[in-house]
Amino acid sequence: MQTLFLSLAATSFAASLALAFPVHAANNLPTVQEAPLRAHLAFLSDDLLEGRGTGQRGADLTVAYLESQARLIGLQPLRGNSFRQSVRIAGVKSRPQDSSLKATGGGGQAVPLAFGPDWVWATGDSAAAHTFDAPLVFAGYGVTAPEEGWNDFKGIDVKGKIIVVMVNDPQPTEAAPNRFGGKALTYYGRWTYKFEEARRQGAAGVLLIHTKPSASYDWSVVQSSWSGSERFQLAGATSGTPLQGWIAEDAARRLFAAGGQDLDALRAKAESKDFQAVALNARLTGQMKSSVRKVEQFNIAGMVPGTDAELKNEAVIYSGHWDHLGKQGDSGDTIYNGAVDNASGTAGLLAMAQEAVKKPARRTQIFLWVAAEEQGLLGSAAYAADPLWPLNKTAAALNLDSLNFVGATRDMGAQGSERTELGAMAASVAKAMGLQIAAARPDLAGGYFRSDHFSFAKAGVPAFSINGGRDYVKDPEASKARAAAYGPRYHQVTDEYDASWDLSGMTQQAQFTLNLGQAVANAPKMPAWKAGDAFGKVREQAAK
């Protein structure tokens, strides 16, 4: 299949890209090889690397491997002589057994809340201890969105208070079917945004009300992620609120009732832009304790310098996260190998870089392996905060996260590319390869905001993740079944490499990404955001 799509590329890639982004001749394109991709994939997902867990021995081994491979391939460092970029992280583990945190309603009556079944919380600022005596405020969706005429904090000062907010966006109505993206989730709906906005508002803490429809997963997912496991946050970044956490819906209903309010009635009112935050007759008191350790992880970055005297000062980034969940537990299989997620993307970038150095483009190309994606996009966020290349000179960021291990397809996933001129470029590159772009699906779970490209998008860089296609060439029904069978293996110890995998689809996905990157790197101008896009405004403001 590799021969087929490369042949198609060779005969048709001379076609011009849409929107005045021409492509260089096909015989100048570097060709990704399956053999090195498979070798890197097998090694990176081997038990020897212990699941590449943040703050674990396997992470150190992974970084050493990537650094040595970058040097061997012939990439050049971006800063001094090192391929490493330090990412300073705090590992935080809540200690509910040593804490005295409690909620009380009117008259000081206790509201029994058990850590785990009813609520979970952790420090958001890497402090080992906090003492609280703070009132609770229901702040609707916890959103400030001027372009939507929406402000859940109008008329109230929440500094030093604990805000309780809903997950997701204000829902579309018959009168306003497209508000907050309609059915699709916007970044305002992500729980990470709620934490960020709470900090900007000066709140002492934030509790997210969990429902399965709004979060898209069960309470058990929240409970397992926050109860007893170590969580990570950037140690040197702007601190979060002292308290961050979730509260189960039934527990929230009891808390609101103790505070003299009806949860369902308040949630209904919060669907209107006229809503104003409501102070509950309730408080959060006591001490919260956590175990905190400081960890240094590393992004690995190497470049292929551009050939054009002017355009070499601009760059295209190819990114992928090298981390997974590491070793967990004391018995049985304790290694979360993360073969698909994301040894595949890590290996894909290595195979792409090996060929890119042989045929440089007009702009500089940067290969970036980022740390701690599984902990909240921390490595890519650290890069965006301290970029190795000026962000206003970064043309695009193309991300690979979990490659197609099933087989070659007739299409390629480019969800999110439509926000920028990268969408038209991706369609032209796909056509030149004899492919088409997979039909977009409503982004109900906010997938665009959950992978490393988003750190770049937030900083104004046109960015998206390239996903595998769904129209399989070989035995489509059986191939779809194999792809679907990965679902139960996601983030489990069973995400392991299988030597029998057909990697033609994985090679195809890496080739498409490299072809698109080369098209961007050789275009006369950098791609732009579509007019009115919120992230495009970031770049516009930076240019002023």
Holding the Cα-Cα limit at 28 Å, pick out from Lys431/Lys530; Lys327/Lys474; Lys159/Lys544; Lys194/Lys537; Lys289/Lys327; Lys93/Lys194 the pairs that are longer than that.
Lys327/Lys474; Lys159/Lys544
Equivalent-ellipsoid semi-axes (√(5λ), Cα gyration tensor) for region 205-288, whole Å, largest first?
25, 17, 15
If we sort 203-209, 417-423 on the protection proxy, mean other Cβ atoms within 10 Å, highest first, what's the order?
203-209, 417-423
Give me the Debye-computed log₁₀ of I(q)/I(0) at q = 0.10 Å⁻¹ for the chain, equal point scatterers on Cα only, no solvent, two decimals.
-0.83
Descending principal axes extents, region 255-403, alpha-carbon based, whole Å
69, 50, 29
By average Cβ neighbour count within 10 Å, what is the ranking of 406-414, 474-482, 276-284 from highest down?
406-414, 276-284, 474-482
How large is the dipole of region 468-533 about the Cα centre if only Lys and Arg carry +1 and Asp and Glu carry -1, each at its Cβ, rounded to the nearest 20 debye?
300
How far is the Cα center of region 152-221 from the Cα center of region 352-424, in Å?
29
What 222 nm value per residue comes from the helices of the chain, counting each DSSP H run with n ≥ 4 as -39,500 (n - 2.57) and dividing by all residues, nearest 500 deg cm²/dmol?
-8500 deg cm²/dmol
Once both axes come from the Cα atoms, what is the angle between helix 422-432 and the longest principal axis of the chain, in degrees from 0 to 90, rounded to 10?
40
May I ask for the Kirkwood hydrodynamic radius of region 92-293, worked out over all distinct Cα pairs and given in angstroms to one decimal?
17.0
Can you put Phe138, Phe449 in order of Cβ neighbours within 10 angstrom, beginning with the fewest?
Phe449, Phe138
For region 29-177, what mean projected area does the convex hull of the alpha carbons give, in nm²?
18.3
Based on alpha-carbon centroids, what's the gap between region 321-341 and region 77-147 in Å, whole number please?
26
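Read-outs throughout are calculated quantities, based only on the coordinates presented, and are distinct from any laboratory measurement. Just so it is clear, the model here is predicted, and its values are computed rather than measured. Positions of Cβ are generated from backbone atoms using ideal geometry, with glycine treated the same way; all protein chains shown enter the neighbour counts.
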